[in-house]
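Take a look at the structure below.
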Amino acid sequence: MKVSFYTSQREYALKKEEFNRAIQVVLEKGNFILGEQVAQLENEIQQYTQAKYAIGVASGTDALTIASDILGFKDGKEVITSPFTFLASTSCITKHRGRPVFVDINEETFALDVTKIEEKVNQQTIGILPIHLFDQMADMDRIMDIAAKYRLRVLEDAAEAFGMRWKGQGGQYRHAGTIGDFGVFSFFPTKTLGGYGDGGMMITNDEELARKAKYYRVHGASKKYHYEYVGYNSRLDTLQAAILSVKLKYIDDAVSKRAAIAKRYLERLEDCPGVRLPKVKGDQKQVYYVFNILAENRDKLAEHLAKNEIGYSIYYPRPLHLQPCFKDLGYQKGDFPVAERVAEEIIALPIYPEITTDEVEFICDTVKAFYQGG
Ligand SMILES: *Cc1c(COP(=O)(O)O)cnc(C)c1O
């Protein structure tokens, strides 16, 4: 049985009429740049997340870069973040000559270890950039406490965190990205809310930050050909917005299907030798964007899965402090032992709403057979 790590084709086949219709409306109107479907999706995302403002941009990477620029994560200022993430969470800081200051991760959540943040704060520190990775949010209570104490800005990389919610001191659950100064989403196709191409969004509750973000995505213009800032050319494509509005209608169903698949993996792999399973920490509503295990002999397991035609992915095989592009930061091997160990053990199994029960069973059997020699 061949199992893809991810496919958009099943979803498209199931809702073909609806997607085709949404695309056709845009093509007939020809409103490709910031058409009304972009404003509509922004409204829907404001409602869904309870953020006051939402600004659609070309990708999650651009959303991070623009937010970093606006928040002043640049020109030698230091931003405390995690080395165990996708490149864009750190390149958004170095793009403007800001300085990422890494702290190691928590072994269970894979998010930055909040007990290590405070010792890194100094006169140059301007912000904290937590990443809500894979299936859960970073400890936002602790992060917001430290930010308040030292007057730091918080940029939440919620690229993977659509649908995740955190129960803070206030008591009610708040959506990922709405707790810090800015939050960003990615609509990369594999993401929980993924488009059929690139896309991203910035959310905030601050009117001034929202105003700037709207200018920055159109070259810094307050109106056509009147430039307040030197900005970017980074708009969410109207076709993608139309597609994403269709997908957003079904998001709660998609999230619960992911939860059911994760539950099956957790049950079936619970007693599998050589495998450690993910745990959620803190009072939060998690979303299984990725289902990771920590696996003994990870690379051999990966070969075994490939031989059985099961797709897998490794997020992330090399932490950012060891990437050649960041060698000027001066970090070396051994600086962040938890991140380095996790990078050697982690492997993601297929999870998407349309995967079948038979496929999940086959994956579990294949993993178990590898460790139990079955
Ligand atoms: C996907 C992702 C991004 C980047 O999003 P793009 O839309 O691909 O540019 C940023 N950070 C994290 C943690 C991601 O997973």
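The values are calculated or read from the model by the stated rules, or taken from the named source; none is laboratory data. Keep in mind that this is a model prediction, so the values were computed, not measured. Cβ sites come from the backbone with ideal geometry, for glycine too, and all protein chains shown count toward neighbours. Note: areas computed on protein heavy atoms with side chains; ligands, DNA, RNA excluded. Shrake-Rupley method; radii C 1.70, N 1.55, O 1.52, S 1.80 Å.
Values computed for the structure shown
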item	result
Listed residues 31, 90, 373: farthest to the positive end of the dipole of the chain (Cβ charges)	31
Rounded accessible area of residue 250 (nearest 10 Å², 1.4 Å probe)	80 Å²
Paramagnetic reach from residue 280 in region 134-153 [backbone N under 12 Å; point 7 Å along Cα→Cβ]	135-137
Value of relative contact order over region 251-371, rounded to a whole percent, pairs C-alpha under 8 Å and six or more apart	36 percent
Centre separation in Å (Cα based) which lies between region 215-290 and region 140-181	16 Å
Dipole magnitude (debye, nearest 20) for the chain, charges at Cβ of Lys, Arg, Asp, Glu	740 debye
Cα gyration tensor shape for the chain, rounded if a/c is under 1.5, else prolate or oblate	oblate
Region 251-371, accessible surface, carbon-and-sulfur percent (1.4 angstrom probe)	49 percent
Percent accessible area from carbon and sulfur atoms, region 1-116, protein chains only, probe 1.4 Å	52 percent
Cα lying deepest toward the dipole's positive end in region 251-371, options 321, 259, 362, charges on Cβ	321
Prolate/oblate/rounded label for region 56-160 (Cα gyration tensor, a/c 1.5)	oblate
Violating pairs (Cα-Cα greater than 21 angstrom) within the set 77/149; 191/247; 279/333; 2/300; 300/333	279/333; 300/333
Spacing of the two label points (7 Å from each Cα toward its C-beta) at residue 270 and residue 40, in nm	4.5 nm
Charge dipole (debye, nearest 20) of region 251-371; +1 at Cβ of Lys and Arg, -1 at Cβ of Asp and Glu	320 debye
Distance histogram in 10 Å bins (all Cα pairs of region 162-254, percent per bin)	15, 37, 34, 13, 1
Ranking by accessible area, most exposed first, for 53, 316 with a 1.4 Å probe	53, 316
Probe 1.4 Å, protein heavy atoms only - accessible area per residue of region 255-374 in square angstrom	48 Å²
Interchain or long-range residues, amide H under 5 Å from residue 193's placed H	162
Förster radius 35 Å - calculated FRET efficiency between residue 95 and residue 246 (Cβ-Cβ, nearest 0.05)	0.60
Relative contact order computed over the chain (Cα-Cα under 8 Å; 6+ residues apart), in percent	21 percent
Of all DSSP beta bridges in the chain, antiparallel share, percent nearest 5	65 percent
Computed label-point distance, nm, for sites residue 318 and residue 8 using a 7 Å Cα→Cβ extension	2.9 nm
Charge dipole of the chain about the Cα centre (unit charges at C-beta), most positive-ward option of 242, 290, 304	242
Anisotropy class of region 267-343 from Cα gyration tensor, a/c 1.5 cut	oblate
Residue 309-residue 27 FRET efficiency (beta carbon distance; Förster radius 30 Å; 0.05 resolution)	0.20
Among 81-91, 95-105, 213-223, the order from most to least packed when residues are scored by Cβ within 10 Å on average	81-91, 95-105, 213-223
